[in-house]
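Asker: Take this structure first; my questions come after.
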Amino acid sequence: MIDHVAVQCADVAASAAFFDAVLAPLGGVRVMDFGRVVGYGVPPMPDFWIGPQETGEGFRETHLAFRAPSRAAVDAFFAAAVGRGAEVLHAPRLWPEYHADYYGAFVRDPDGNNVEAVCHSPE
């Protein structure tokens, strides 16, 4: 149902470096880069965009969940985020309260958003 989503960032370069690192294990890459605005996804179409904060005042947390192809990809996402100094919200683990095979990890991006990688497949 969602075609694409965009979030505003305080520092686009810092956020781009973060998302370059954490989306790579999930198969996500920069598909379009206009400098101030960067689109990520699986080529040829970006479905996740970042850009400068241009509207609103203050910060309102967003939760972004990216689908991972495997539990190993969730672990690699988490390692990449921690390697970039991301705040850990939840280390990779099963979340049986969601469903038996929900395996996810949660970190904060440079703007403080809750960013998750999740795999829904059995091990």
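Readers should treat all values here as calculations from the given coordinates under stated rules, not as data from a laboratory. Computed from a prediction, not measured in an experiment: that's the story for all the values here. Cβ coordinates were reconstructed from backbone atoms using ideal geometry, including for glycine residues, and neighbour counts include every protein chain displayed.
Asker: Measuring from label point to label point, each 7 Å out along Cα→Cβ, what is the R30 to H120 span in nm?
Answerer: Placing both labels 7 Å along Cα→Cβ, they lie 3.1 nm apart.
Asker: Viscosity 0.890 mPa s, temperature 25 °C: Stokes-Einstein D of segment 25-80 from its Kirkwood Cα radius, in µm² per second?
Answerer: 188
Asker: Based on DSSP H runs of at least 4 residues, each adding -39500 (n - 2.57), what is the mean residue ellipticity at 222 nm of the chain after dividing by all its residues, to the nearest 500 deg cm²/dmol?
Answerer: -6500 deg cm²/dmol
Asker: Running Debye on segment 48-93 with equal point scatterers at the Cα sites and no solvent, what base-10 log of I(q)/I(0) appears at q = 0.22, 0.28, 0.29 Å⁻¹?
Answerer: The Cα Debye sum returns log10 ratios of -0.96, -1.17, -1.19.
Asker: I would also like to ask the following. Among DSSP bridges having both ends in the chain, what percentage is antiparallel? Round to the nearest 5.
Answerer: 65
Asker: Quick one: Karplus J couplings for segment 11-17, per residue in order, coefficients 6.51, -1.76, 1.60, θ = phi - 60°, nearest Hz, x for Gly and Pro?
Answerer: Result, ordered by residue: 9, 4, 4, 5, 5, 4, 4 Hz.
Asker: Once amide H atoms are placed 1.01 Å from N in the peptide plane, what residues at a sequence separation of 5 or more from V115, or on another chain, have their amide H within under 5 Å of its amide H?
Answerer: When sequence neighbours closer than 5 places are left aside, the close amide H contacts are L64, V107, R108, D109.
Asker: If you don't mind, there's one more thing I want to ask. Find how much the distance from A17 to H4 grows on full extension, using 0.36 nm per residue of separation minus their present alpha carbon separation; answer in nm with one decimal.
Answerer: Once the chain is fully extended between A17 and H4, it gains 2.7 nm.
Asker: Let me ask something else. Would you mind getting me the FRET efficiency between V88 and V42? Use the beta-carbon distance for r and R0 = 35 Å, nearest 0.05.
Answerer: 0.85
Asker: Next question. Can you tell me the orientation of helix 71-83 relative to the chain, as the angle in degrees between its alpha-carbon axis and the longest Cα principal axis, to the nearest 10?
Answerer: That works out to roughly 50 degrees.
Asker: Using only the alpha carbons of segment 1-116, what is the convex hull's orientation-averaged projected area in square nanometres?
Answerer: Convex hull of Cα atoms, orientation-averaged projection: 7.5 nm².
Asker: Just to confirm my numbers, what's the Cα centroid distance between segment 16-37 and segment 75-95 in Å?
Answerer: 17
Asker: Something else now. Per 0.36 nm of contour for each residue apart, how much would the distance between Y98 and A65 grow if the chain were fully extended, relative to their Cα-Cα spacing?
Answerer: Between Y98 and A65, full extension yields an extra 10.5 nm.
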